[in-house]
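First comes the structure, then the notes that go with it.
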Amino acid sequence: MSAKLPLEFVVDAVCPVTGARAGRIITQHGEIPTPVFMPVGTQATVKAMAPFELEEIGAKIILSNTYHLHLRPGGELVRAAGGLHNFMRWDHPILTDSGGFQVFSLASLGRISDEGVVCKSHLDGSTHVMSPEWSMETQLHLGSDIAMCFDQCAPYPCSREEAEEAVRRTTLWAGRSLDAHSRGIEEAPHQALFGIVQGSVHEDLRLRSAAELIPLDFPGYAVGGLSVGEPAEEMYRILDVLNPVLPATKPRYLMGVGRPDNLVEGVARGVDMFDCVLPTRNGRNGTLLTPEGAMNIKKKQYERDFSPVDTECDCYACRTFTRAYLRHLYRAGEILAMRLCSWHNLRYLVRLGERMRAAILEGTFPEFRREFHARFRAPEAS
RNA sequence: GGUGGGAUGGCCGAGUGGUCAAAGGCAGCAGACUGUAAAUCUGCCGACACCGUCUACGAAGGUUCGAAUCCUUCUCCCACCA
């Protein structure tokens, strides 16, 4: 099935109890069944994983990052390489983040105004100007299937004024993003642009943000500015508020969320797409996702544990190796430890998406959700 | 046989009279990580009755109010000379 528009979204089933959706996002690089977890490949690579391994894992779409690729190797170079798909040899859908998150995560290096962000490169200190127009031009050069609006992500906690300012600016920038994207679209006619709702943990600001963006008729809507340190309950409350107002016919993307329990609760609140660095970062740091919660493979208790990480997991690491071996590899500083732990964590989350989709299609999502939480030990709230 | 250098907490290695239970690194143990400045960061790391006491800087003895630090002897290691 090929998309006539840059992107189409088909809803296959909706859970009558929760509103959880099973759907398909159809792009020119392939179809993405939802709910979906998207591995993050900031620098045109999912750290420690080769593209064929991501295919083996079942990843249907990956992320990359406009800011990081702009600094190195540069959007123009990627365009000269035949676009990001060809450059990194991933012939499936790609979503690029706009650089908006770096305005937040690298705030100490930059100065923000309505015009955009002037910031110092974290690589060499050189000065760069980021704006909606810059972000759109760069993302069109990259040629991703889904581009994101340049937005402002407020920190948590922040004052109401600060959150309100971020909403106002995000709306302003969404309009400029859309204009710039429309002007340049012939460079990447397959590219869809998603809007991003901000508003921190304030329900009225979230509703305002959504109300201001919906008329722009983006083909998909993201919820940004969550999972930045707020308690999970706050995140769920905001999703509850947005669920009824975001267009039901368009995919919804909860940005930056990757804790398994957050994924399940997000889906229960109508979210279709997630991305997170957690499986790869935690994988490199020796923390593994299991149905019981996080497990740290470095711990002494696994020294002589010759069972797999997760007996229910079908990933290469769990099919093949023992906890004792992974612990040994990690302690020995071997690259394979990071690869296998990332491999497992990615498969765990991709499979979690697959399982939720199957449950929604079968009409058993409420049971799935209940059974998931009965086993999963969430980390203590900080 | 002679001369010189050295022996410090599991390992490496600072420290040359008090502010030393002894820097730093490694190893070890535990914790964190949510649109990636992260193969990173944080804490603990002599014993215990743990805001205190005890045992500790090769061994034994000595000087001193006070020694890992100064003196004597011994043991072992390294370098060079014979």
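Checking A:Gly19 against (1) at pLDDT 95 or above; (2) within 12 Å of RNA strand B (Cβ to nearest atom); (3) of a type in the set (Gly, Ala, Ser): exactly one of these is not met. Which one?
(2)
What's the total number of residues in segment A:268-309 that are surrounded by 20 or more Cβ atoms within 10 Å (Cβ to Cβ) and either within 26 Å of A:Arg21 (Cβ to Cβ) or β-branched (Val, Ile, Thr) (or both)?
16
Of all residues in segment A:119-159, count the ones that are away from RNA strand B (no atom under 14 Å from the Cβ) and surrounded by fewer than 14 Cβ atoms within 10 Å (Cβ to Cβ).
Looking only at that region, the number is 4.
Does A:Arg169 satisfy being among the charged types (D, E, K, R), assigned to a helix (DSSP H, G or I), surrounded by 23 or more Cβ atoms within 10 Å (Cβ to Cβ) and in contact (Cβ under 8 Å) with a residue 24 or more places away in the chain?
Numbers: among the charged types (D, E, K, R): yes; assigned to a helix (DSSP H, G or I): yes; surrounded by 23 or more Cβ atoms within 10 Å (Cβ to Cβ): no; in contact (Cβ under 8 Å) with a residue 24 or more places away in the chain: yes.
So A:Arg169 does not fit the description; no.
Taking the condition of being surrounded by 21 or more Cβ atoms within 10 Å (Cβ to Cβ) and closer than 16 Å to A:Ile25 by Cα, how many residues in segment A:40-65 meet it?
5
Name the pairs whose Cβ atoms lie under 9 Å apart, with the first residue in segment A:71-83 and modelled with pLDDT of 95 or more and β-branched (Val, Ile, Thr), the second surrounded by 18 or more Cβ atoms within 10 Å (Cβ to Cβ) and in a helix (DSSP H, G or I), and 6 or more positions between them or separate chains?
Matching pairs, first to second residue: A:Val78/A:Leu69; A:Val78/A:Leu84; A:Val78/A:Phe87; A:Val78/A:Met88; A:Val78/A:Thr138; A:Val78/A:His141; A:Val78/A:Leu142.
Can you find, within segment A:248-267, the residue that is surrounded by the fewest Cβ atoms within 10 Å (Cβ to Cβ) among those that are farther than 20 Å from A:His202 by Cβ and touching a strand residue (DSSP E or B) at 6+ places or on another chain (Cβ under 7 Å)?
Taking the candidates together, the pick is A:Thr249.
Out of segment A:169-190, which residues are over 17 Å from A:Gly220 (Cβ atoms) and of a type in the set (A, V, I, L, M)?
A:Leu172, A:Ala180, listed by residue number.
Looking for whichever is assigned to a helix (DSSP H, G or I), among the small types (Gly, Ala, Ser), closer than 14 Å to A:Phe101 by Cβ and modelled with pLDDT of 95 or more here; the options are A:Ser177, A:Ser182, A:Ser135. Which one fits? Spell out the reasoning first.
On the way: A:Ser177 fails: closer than 14 Å to A:Phe101 by Cβ; A:Ser182 fails: closer than 14 Å to A:Phe101 by Cβ.
None of the other options fit; the residue is A:Ser135.
Tally up the residues in segment A:289-302 that are touching a residue at least 24 places away in the same chain (Cβ under 8 Å) and either of a type outside the set (A, V, I, L, M) or within 9 Å of RNA strand B (Cβ to nearest atom) (or both), please. Steps first, answer last, please.
First, the residues of segment A:289-302 that are touching a residue at least 24 places away in the same chain (Cβ under 8 Å): A:289-294, A:297-299, A:302.
From what's left, either of a type outside the set (A, V, I, L, M) or within 9 Å of RNA strand B (Cβ to nearest atom) (or both): A:290-294, A:298-299, A:302.
Of the residues in that region, 8 qualify.
Take the residues of segment A:201-222 that are crowded, with 18+ Cβ neighbours inside 10 Å and over 18 Å from A:Glu165 (Cβ atoms): which is nearest to RNA strand B (Cβ to nearest atom)?
Out of the qualifying residues, it is A:Ala222.
Which residues, counting only those in segment A:312-335, are under 27 Å from the mean Cα position of the chain (by Cα), part of a loop (DSSP other than H, G, I, E, B) and of a type outside the set (A, V, I, L, M, F, W, C)?
Matches in segment A:312-335: A:Glu312, A:Asp314.
Please identify the pairs in which a residue from segment A:96-118 that is more than 9 Å from RNA strand B (Cβ to nearest atom) has its Cβ atom under 6 Å from the Cβ atom of a residue that is not in a strand (DSSP E or B), counting only partners at least 6 apart or on another chain.
Pairs that qualify, where the first residue is more than 9 Å from RNA strand B (Cβ to nearest atom) and the partner is not in a strand (DSSP E or B), are A:Gly116/A:Ser131; A:Val117/A:Val103.
The values are calculated or read from the model by the stated rules, or taken from the named source; none is laboratory data. No experiment lies behind these values; they were computed from the predicted model shown. No Cβ is skipped: glycine too gets one built from the backbone with ideal geometry, and neighbour counts run over all protein chains shown.
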